[in-house]
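What follows is a set of notes on a single structure, which appears directly below.
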Amino acid sequence: MIAQLRSAALMGVDPVSVLVEVDLQGGVPNFFMVGLPDKAVQESYQRFVAAIRNSGLTLPMTKIVVNLAPGDIRKEGTGFDLPIALGILAASGQVPMAELDQTMILGELGLDGEIRPIDGALNYALGAEAWGVKRLILPAANAEEAAAAGIDVFGVKTLGQAVELLNGSLFAEPIRPKMEDWNPEDDSGLDYRDVKGQQAALRALEVAAAGGHNLLMSGPPGSGKTMLARRMPTILPPLSREEAIAVTRIYSASGIREGRRGLIRARPFRSPHHTSSYAALVGGGKTPRPGEVSLAHHGVLFLDEMPEYGRDVLEALRQPLEDGVVTVSRVQSTLTFPAGCMLIGAMNPCPCGFKGYP
């Protein structure tokens, strides 16, 4: 008996559709997984076996073969736990297969059957909407974020609850976005009027904010450069809903939740240390992830002590600042991340910091 479920994987910030196929075969009980899974995906066996048994469900004592298609894309993370478990239950007749049509499923399982949050929930929801999927089942902790895409989202807390939802014994209304109550907010506690003096610098920040210009401030320590820069997002226009979705999908793919449940409603402000590497600023790594210039998308990237940054790091920022995107190329893939931010730099006038100071 074969069961097929829709799931997805992330390539940078973009989702890729993945078909989870589960085949139950006769013979000695065993488990095989194919489709280029990484170590975290391979370890899902121990998680879903314990979750199925601890949820009062029956694990079929047969040979189980799981295929994650397409087989030429590396599958990473723990979001495949729930679709694999439900696929096994569907193939063994414990979940109706008809309910799996036009449904995308994602989630990490705990040993007790708890469904834990995943990264990239909004990205998956946007992908599901683009692919014509009618509903998305994922962890309850991610449901509010994913609902911003406009697709029917069902948040589940346990494997048993997911089974009941598919069996029809649990009635649940989809979580939908509230389009009418969009209210951008800034909870940083900073205010532009806190600044006393520095009228020339204040005027320069106003001009930069109005035109979306980059800015470099030079002055001795204690003159207020960092204080001014941190208040720049508070005088920028409020985030529109479309901009908030664009920002949130970057943070979601990066695994940065910062205690939020829904969309990010304030313009981002990123201030990396001057020891940050090339990859940390523009993105990269073995599996490329967004860098600071992408995390500052639709916001401000602040480089304090700018001359202390490496020459290669500063040179790498030129193209993203000009084009609004950064392309990271690796042997396995080439990924493009948004990078439409405003750059603010701060520097001392000389190594001691006090050149020209009275």
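The values are calculated or read from the model by the stated rules, or taken from the named source; none is laboratory data. The model shown is predicted, which means the values in this text are computed figures rather than measured ones. Every residue, glycine as well, gets a Cβ built from its backbone with ideal geometry; the counts of neighbours run over all protein chains shown. Note: accessible area is taken over every heavy atom of the protein model, side chains too, but ligands, DNA and RNA are not part of it. Shrake-Rupley method; radii C 1.70, N 1.55, O 1.52, S 1.80 Å.
Structure notes:
- For chymotrypsin sites (Phe, Trp or Tyr not before Pro), the sites in the stretch 84-171 that DSSP calls loop and that have at most 10 other Cβ atoms within 10 Å are F171.
- In this label model, T327 and D112 are separated by 4.9 nm, measuring between points 7 Å along each Cα→Cβ vector.
- Taking every alpha-carbon pair under 8 Å whose residues sit at least 6 apart, the chain reaches a relative contact order of 14 percent.
- In sequence order, calculated HN-Hα J values of the stretch 222-239 (Karplus, 6.51, -1.76, 1.60; Hz; x Gly/Pro): x, 7, x, 4, 5, 4, 5, 5, 5, 9, 4, x, 6, 10, 7, x, x, 5
- With R₀ set to 30 Å, the beta-carbon distance separating N214 from L19 gives a calculated FRET efficiency near 0.10.
- Applying a DSSP loop filter and a limit of 15 other Cβ atoms within 10 Å to the chymotrypsin sites (Phe, Trp or Tyr not before Pro) in the stretch 289-358 leaves F354.
- Helix content alone sets the calculated 222 nm mean residue ellipticity of the chain: runs of n ≥ 4 DSSP H residues at -39500 (n - 2.57) each, divided across all residues, give -8500 deg cm²/dmol.
- Rounded if a/c under 1.5, otherwise prolate or oblate - the stretch 236-358, Cα gyration tensor axes: oblate
- Within the accessible area of the chain (1.4 Å probe), percent carbon and sulfur: 51
- DSSP-defined beta bridges in the stretch 229-358 - what % are antiparallel, rounded to 5: 50
- Partner lysines for K286 [C-alpha distance under 22 Å; skip if fewer than 8 residues away on the same chain]: K39, K75
- Accessible area per residue in Å² at 1.4 Å probe, computed on the stretch 1-113: 41
- Under the combined filter of DSSP loop state and at most 15 neighbouring Cβ atoms within 10 Å, the stretch 145-245 retains these GluC sites (Glu not before Pro): E185.
- Solvent-accessible area of V65, all protein chains in place: 40 Å² (probe radius 1.4 Å, heavy atoms, ligands and nucleic acids excluded).
- For the stretch 176-320: relative contact order, % (alpha-carbon pairs under 8 angstrom, 6 or more apart): 22
- Per residue accessible area of the stretch 201-276, 1.4 Å probe, in Å²: 46
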